[in-house]
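S.K.: Handing you a structure now.
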Amino acid sequence: MHARKVTVSRTAPAAALLAAVGALAAGNASGNPAAAARAGAQDLPPVSAATSLLVVAPHPDDETLCCAGLIQRVVHAGGHVSVVWLTSGDGSELDMLFIEHRPFAAPAKALELGARRMREARAAASLLGVPAERQLFLGFPDRGVLKLLTINRTTPYRSGFTGATAVPYPDALFPGHPYTGESLERDFAALLARVAPTLILAPTPRDAHPDHRAAGLLATATAARLAGSVQLRFWIVHGGEGWPSPRGLEPGLPLTPAPRIRGVTPAVFALEPAEEDRKLAALRAYNTQMQVLTPFLLAFVRSTELFAADP
Ligand SMILES: [Zn+2]
């Protein structure tokens, strides 16, 4: 609905990236013996005061859904936790439908929604123990991240929601930086240099949401350049086939592996009851999301979180 006419030709690296997305989306691990052999469960690195955790969240709320338990554990151990939000969630059509009572509001309303979701993200992250100076927003366009990494590497992308072609939020880390793939990669690299993570939790490139797939590819490419100094683990939010099931608040149940990561055995992180309670409290900070997606979001408040070593 918001697709824009593409006038820029795809470059060779972009084509390769798209092929990688396609292969991952098709779940190639199950048909490839070497990949299948690597797909056994691999433990999470031990958590200690030396841990510097970076959670890569495509949108406000993803960090809580995927990782609220592990975030609290690292904080409790005396380690550092940083969260980076690639977008400010300023393009949620469902939000617009429920909050504005129409699916596509004016750009000013989309910017207002983005600013509101950033405030909610700060509240949620603070509840989990992430200090304000480690709550980092890049302000890239909701629903546009994959396009930046493919067809808009050098030509700025225009958000169909906010109308912006550059980061419009004064609160973001680099306000005014253009909406291009090169700019996103530069900003992400600068952020990694600042945070110096030992462990990155990123969305798997197999997620059904294009922003999540793009975030996973970005993290994978960057971590490969850091070779050896950082561990990368993957989580999923849009896991396919009605996952997580059952929907709604069932805090005693473990989270089951998502259909879209079939062939991968993730490491299981068990939450303490108090960590689960706080995960729920953080989720409730997202008023805009809880109005429209409640049973889906609550289904992530489970006794376990899952992190895979393979994308
Ligand atoms: Zn998301």
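We did not get these values from a lab; they are worked out from the coordinates using the rules stated. This structure is a prediction, so every number in the text was calculated from the model and none was measured. Note that each Cβ is placed from the backbone with ideal geometry, even for glycine, and that neighbours are counted across all protein chains shown.
S.K.: Quick check on packing: order 286-293, 246-253 by the mean number of other C-beta atoms within 10 Å, highest mean leading.
M.R.: Highest mean packing first, the order is 286-293, 246-253.
S.K.: Roughly how many nanometres apart are two label points built 7 Å out from the Cα toward the Cβ at Ala108 and Glu241?
M.R.: Between Ala108 and Glu241, the label points sit 4.8 nm apart.
S.K.: Pop a pseudo-label 7 angstrom from the Cα along the beta-carbon direction at both Ala132 and Thr304 and give the gap in nm to one decimal.
M.R.: Spacing of the two 7 Å Cα→Cβ label points: 3.9 nm.
S.K.: Sorting check: for 44-52, 190-198, 119-127, which peptide has the highest mean count of neighbouring beta carbons within 10 Å, and how do the rest follow?
M.R.: Listed from highest to lowest mean packing, they are 119-127, 190-198, 44-52.
S.K.: Relative to the Cα centre, what is the charge dipole magnitude of region 48-307, using +1 at the beta carbon of each Lys and Arg, -1 at the beta carbon of each Asp and Glu, and rounding to the nearest 20 debye?
M.R.: 380 debye
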